[in-house]
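The values are calculated or read from the model by the stated rules, or taken from the named source; none is laboratory data. On a predicted model such as this, the values are computed, not experimentally measured, just so you know. Cβ placement follows ideal geometry from the backbone for every residue including glycine, while neighbour counts extend to all protein chains displayed.
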Amino acid sequence: ETGVTQTPRHLVMGMTNKKSLKCEQHLGHNAMYWYKQSAKKPLELMFVYSLEERVENNSVPSRFSPECPNSSHLFLHLHTLQPEDSALYLCASSHKSGTGYTGELFFGEGSRLTVL
Amino acid sequence: GENVEQHPSTLSVQEGDSAVIKCTYSDSASNYFPWYKQELGKGPQLIIDIRSNVGEKKDQRIAVTLNKTAKHFSLHITETQPEDSAVYFCAASIVNTGFQKLVFGTGTRLLVSP
């Protein structure tokens, strides 16, 4: 098993569809993240869950709805998306050590989303 | 908030040459500067990082330098190999105890020709 697994790898959806992206981490980490990667733009942090509590929401439109049922799983529910939402969506996880320092991000391979 | 600028956007070198990628940041409170490598079809992977109490760090063919006064940091790759071809991202953040809030640069596409 790879560290962070994302499904599906590719998704094409219409603007009226409802779909979900799934992320699973097998690293025992306690923080999980959703990033959006668009061409020629920096990676944009969307949401952060730490110990299953949402701790960051970077003004993301409500058509994106995250869910973190436990420390190993993270979902991104999608509904009534726009064509400009087409991008690579990356999930990541990190670990808060006993000393408090939160280390490197481990990324999944991403879900390539196309909105028609 | 923090803003990170990265240059160049593309870099082509011959195998064996050195490559240098530069980043600047705006928030003087930032104290952690990682570099990530993203190969085609994969997610970014940490290759080296540096904290603000250190001016330089080296790991085999990769080194990072930090100038806190000028608020810029650079990635240096020596003796480049074709497998170094990828997109490289710099980032900056303030180390905290909760989660990692990185601000990324726009990336540099490095192409190493045999």
* Qualifying residue in segment A:102-110 (condition: within 14 Å of the chain's Cα centre (by Cα), within 14 Å of chain B (Cβ to nearest Cβ) and either more than 29 Å from B:Arg51 (Cβ to Cβ) or among the acidic types (Asp, Glu) (or both)) -> yes
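Please count how many residues of segment A:26-42 are charged (D, E, K, R) and within 17 Å of B:Thr10 (Cα to Cα).
Number satisfying all stated conditions: 2.
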* Can you tell me which residue within segment B:19-75, out of those that are without any contact (Cβ under 8 Å) to a residue 12 or more places away in the chain and of a type in the set (Lys, Arg), is nearest to the other protein chains (Cβ to nearest Cβ)? => B:Lys42
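Inside segment B:40-114, counting only strands (runs of 3 or more DSSP E) that do not spill past its ends, which hold 1 or more residues that are farther than 27 Å from A:Met32 by Cα and touching a His at 6+ places or on another chain (Cβ under 9 Å)? So that I can check it myself, show each step before the final result.
Details: elements: B:45-51, B:56-59, B:62-67, B:72-77, B:86-92, B:108-113.
Counting at least 1 such residues, we get B:56-59, B:62-67.
Find the residue count for segment B:2-30, including only residues that are more than 14 Å from the chain's Cα centre (by Cα) and more than 28 Å from A:Arg112 (Cβ to Cβ). Show your work before the answer.
Of segment B:2-30, the ones more than 14 Å from the chain's Cα centre (by Cα) are B:2-3, B:12-18, B:26-30.
If we keep only those that are more than 28 Å from A:Arg112 (Cβ to Cβ) as well, we get B:13-18, B:26-30.
Residues meeting the conditions: 11.
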* Looking at A:Glu67, A:Glu56, A:Glu84, which is the one that is within 15 Å of the chain's Cα centre (by Cα) and either more than 9 Å from chain B (Cβ to nearest Cβ) or surrounded by fewer than 17 Cβ atoms within 10 Å (Cβ to Cβ) (or both)? -> A:Glu67
* Structure fact -> Checked segment B:79-114 for anything surrounded by 14 or more Cβ atoms within 10 Å (Cβ to Cβ), closer than 20 Å to B:Glu15 by Cα, more than 10 Å from the chain's Cα centre (by Cα) and of a type in the set (Ser, Thr, Tyr); matches are B:Thr80, B:Ser85
* To do: Would you be able to say whether some residue in segment A:17-37 is of a type in the set (Gly, Ala, Ser) and within 14 Å of chain B (Cβ to nearest Cβ)?
  => yes
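So how many residues does segment B:1-14 have that are in a loop (DSSP other than H, G, I, E, B) and closer than 18 Å to A:Glu44 by Cα? Even if it seems obvious, please write down each step before you answer.
Going through segment B:1-14, the residues in a loop (DSSP other than H, G, I, E, B) turn out to be B:1-3, B:8-9.
This time we only want the ones that are closer than 18 Å to A:Glu44 by Cα, so: B:1-3, B:9.
Total satisfying the criteria: 4.
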* Asked: Within the group B:Asp27, B:Asp17, which residue is part of a loop (DSSP other than H, G, I, E, B), at pLDDT 95 or above, surrounded by fewer than 21 Cβ atoms within 10 Å (Cβ to Cβ) and not β-branched (Val, Ile, Thr)?
  -> B:Asp17
* To do: Filter segment A:42-53 for residues that are within 9 Å of chain B (Cβ to nearest Cβ) and either farther than 15 Å from A:Lys96 by Cβ or of a type in the set (Lys, Arg) (or both) and give the result.
  => A:Pro42, A:Leu43, A:Glu44, A:Leu45
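Just the residues that are within 14 Å of another protein chain (Cβ to nearest Cβ), among the β-branched types (Val, Ile, Thr) and in contact with an Asp or Glu (Cβ under 6 Å, 6 or more places away or on another chain), please, taken from segment B:76-107. Spell out how you get there, then give the answer.
Step one: filter segment B:76-107 for residues within 14 Å of another protein chain (Cβ to nearest Cβ), giving B:86-107.
When the remaining residues are screened for being among the β-branched types (Val, Ile, Thr), the result is B:87, B:94-95, B:97, B:103, B:106.
Answer for segment B:76-107, where residues must be within 14 Å of another protein chain (Cβ to nearest Cβ), among the β-branched types (Val, Ile, Thr) and in contact with an Asp or Glu (Cβ under 6 Å, 6 or more places away or on another chain): just B:Val103.
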